[in-house]
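Comments concern the structure below.
The values are calculated or read from the model by the stated rules, or taken from the named source; none is laboratory data. Treat the numbers as computed from the prediction; the structure is a model and nothing was measured. Glycine also receives a Cβ, built like all others from the backbone with ideal geometry; neighbour counts cover every protein chain displayed. Side chains are part of the model used for accessible areas, which takes the heavy atoms of the whole protein and leaves out ligands, DNA and RNA. Shrake-Rupley method; radii C 1.70, N 1.55, O 1.52, S 1.80 Å.
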Amino acid sequence: MATTEVSPAQVGAQGRPDARRGRPPRTFEQANRRLKWAMLAPALLFVGLMIVFPLAFTLDLSLTDAFGAVNADKRHIGLRNFLDALGDTRRFWPAARRTLVFTVGAVVLETVLGLALAMLMRKPFRCMRLVRTVLIIPLLATPVAIGVLWLLILDPTNGIANHLLAGVGLPRQEFLGSVSQSLPVLMLIDVWQWTPMMTLLLLAGLTTLPEEPEEAALVDGANAWQRFRHVILPMLGPTLATALVLRAVDALKTFDILYATKGAGGGSDFEVETLNVYAYGLTFDYQEYGLAAAVLVLFTLFIIGVVVLLRRRGGRKNG
């Protein structure tokens, strides 16, 4: 009797219809993965357009001589706006310096104070919920409202701050009315508002740290500072780096409170004019849209550079 030999390929083809047509079998995981991306595609497309279009429009506008109106006739002039901005030693570079000084000063103070408060609040204590509630009050108000509040408190004539100084025999201060005091005062206002956020971020990181390394250091005879310096701080490194990046980016973009307290131009002598305030003035006061767009592009590159620098330093320390 003749027998018919069946090859393994034929057996596989009979058992797997998809393989007979040269296609791999579709599994539930593959179908689910494709469905996931299909469901996410509209949202990703919308977010992508909302990010890419404004950036592309601003970049294109920065290469033109747009003036008076965005939709007015304009011509492309290459990198002239960027060269004009970088060559402006009267407004651009002082504004960049103030932006950096404001950011570094505010973020350093907020980080130090926030870490100190987080360490104090790390262990449960009486009235802990009340303290945490009071701590977040500055975060509830808008920057404009906070600016108006501090304008009233620091008013040179009728403000409560000068009344308190006079009560203890100290001379009255101009505060926000002074060219030299305005930027430091606004830095302290920013510290008052945003230190609670740094405290909450770092406190959340502290609560996730394991207790065994600190207990082992305590058994070995390490004092409180040594445990903090060599045990707690290294373990808190990733959280601290993330908090620094988030707060630094936010401080670089500060505009509301500066404009609410000092008005257009950052004061009569541009004493608190940062790059944000400078770009706003170019846009809405002088209608130099092309130059304003170039300043914003440079400002964006500056922020990206700061973020990359902070991430690299944080990664190097954590490593």
Rounded accessible area of residue 121 (nearest 10 Å², 1.4 Å probe): 10 Å²
Accessible heavy-atom area order of 150, 37, highest first, probe of 1.4 Å: 37, 150
Protein accessible area in the chain, 1.4 Å probe - carbon and sulfur %: 66 percent
Top of 131, 245, 101 by mean-square fluctuation, Gaussian network on the chain, Cα under 10 Å: 131
Under Karplus coefficients 6.51, -1.76 and 1.60, residue-wise ³J(HN,Hα) of the range 229-235 in Hz, glycine/proline x: 6, 9, 10, 6, 4, x, 5
In degrees, nearest ten, helix 289-318 long axis to first principal axis of the chain (Cα): 70 degrees
For a label point 7 Å along the Cα-to-beta-carbon line of residue 250, residues of the range 294-311 with backbone N under 19 Å: 303-304, 306-308, 310-311
Heavy-atom accessible area order for 110, 212, largest first, 1.4 Å probe: 212, 110
Per residue accessible area in Å² of the range 35-122, where ligands, DNA and RNA are left out and the probe is 1.4 Å: 65 Å²
Heavy atoms of residue 284 accessible to a 1.4 Å probe, total area in Å² rounded to 10: 130 Å²
Distance-filtered residues of the range 225-267 - backbone nitrogen under 20 Å, label point 7 angstrom along residue 215 Cα→Cβ: 225-236
Theoretical ellipticity at 222 nm over the chain - DSSP helices of four or more residues, -39500 (n - 2.57) apiece, nearest 500: -21500 deg cm²/dmol
Distance (nanometres) between label positions extended 7 Å along Cα→Cβ at residue 311 and residue 285: 3.5 nm
Nonlocal amide H pairs with residue 64, under 5 Å, H built at 1.01 Å: 77
Listed residues 247, 75 arranged by accessible area, highest first, probe 1.4 Å: 75, 247
C-alpha long axis of helix 92-120 to longest principal axis of the chain, angle in °: 80 degrees
Helix 28-62 vs. the chain, principal-axis angle (Cα, 0 to 90°, nearest 10): 40 degrees
Computed accessible area, residue 282, all protein chains, 1.4 angstrom probe, square angstrom: 10 Å²
Inter-part distance where the range 168-215 and the range 57-93 are each reduced to a Cα centre, Å: 37 Å
